[in-house]
């Protein structure tokens, strides 16, 4: 198949798969090459915490998209979400610069750090909500539910193993 390809996509994560599907739908001959042992990038399921407990890797919102009959829009949402992640570090840089100026003008450093953290949290949640609302065409309430559940699930996934190991040490 290599000789008569129109496009070769490197990586089978959400962006690579979105590109491959889009090109194939336009009638092009596409090949996807993946270097990892499993395809899917962040859109796959693995045992991340304890044996037998399987988690969506970066894809916790997909079951809600299916439940709300938004699966056809899922690929657009996942791609937009991944592409928009670059905006958070840019916002962090701008917030840090602004707070540095405020600290130089006399704002206590602890308050400045708190302002930056709250501003970044608010921006990241608002960005996620906007992408869920427009990408999946959800109502404002469903977009808010999706953002809360995904971020709560991420926090549990990140903090859960540490909390479980603390409990095991105490017992």
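At a glance:
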quantity	calculated
Tally of residues being in a strand (DSSP E or B) and at pLDDT 75 or above across the stretch 29-45	4
Considering residues of the stretch 133-154 that are buried (at least 19 other Cβ atoms within 10 Å of the Cβ) and outside any helix (DSSP H, G or I) only, the residue farthest from the chain's Cα centre (by Cα)	138
Within the stretch 1-28, tally of residues that are in contact with a strand residue (DSSP E or B) (Cβ under 7 Å, 6 or more places away or on another chain) and in a loop (DSSP other than H, G, I, E, B)	5
Within the stretch 95-116, tally of residues that are part of a helix (DSSP H, G or I) and surrounded by 13 or more Cβ atoms within 10 Å (Cβ to Cβ)	11
Residue match in the stretch 69-84 (condition: at pLDDT below 75, surrounded by 14 or more Cβ atoms within 10 Å (Cβ to Cβ) and assigned to a strand (DSSP E or B))	no
Residue within the stretch 49-61 that is farther than 28 Å from residue 113 by Cβ, modelled with pLDDT of 75 or more and in a loop (DSSP other than H, G, I, E, B) present	yes
Pairs, first touching a residue at least 60 places away in the same chain (Cβ under 8 Å) in the stretch 10-28, second in a helix (DSSP H, G or I) and exposed (fewer than 15 other Cβ atoms within 10 Å of the Cβ), C-beta under 8 Å, six or more apart	15/83
Test set (1) within 28 Å of residue 120 (Cα to Cα); (2) at pLDDT below 80; (3) surrounded by 13 or more Cβ atoms within 10 Å (Cβ to Cβ) - residue 91 fails condition number	(2)
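The values are calculated or read from the model by the stated rules, or taken from the named source; none is laboratory data. Note that the coordinates shown come from a computational prediction; the quantities given were computed from them, not determined experimentally. Glycine gets a Cβ as well: all are built from the backbone with ideal geometry, and neighbour counts include every protein chain shown.
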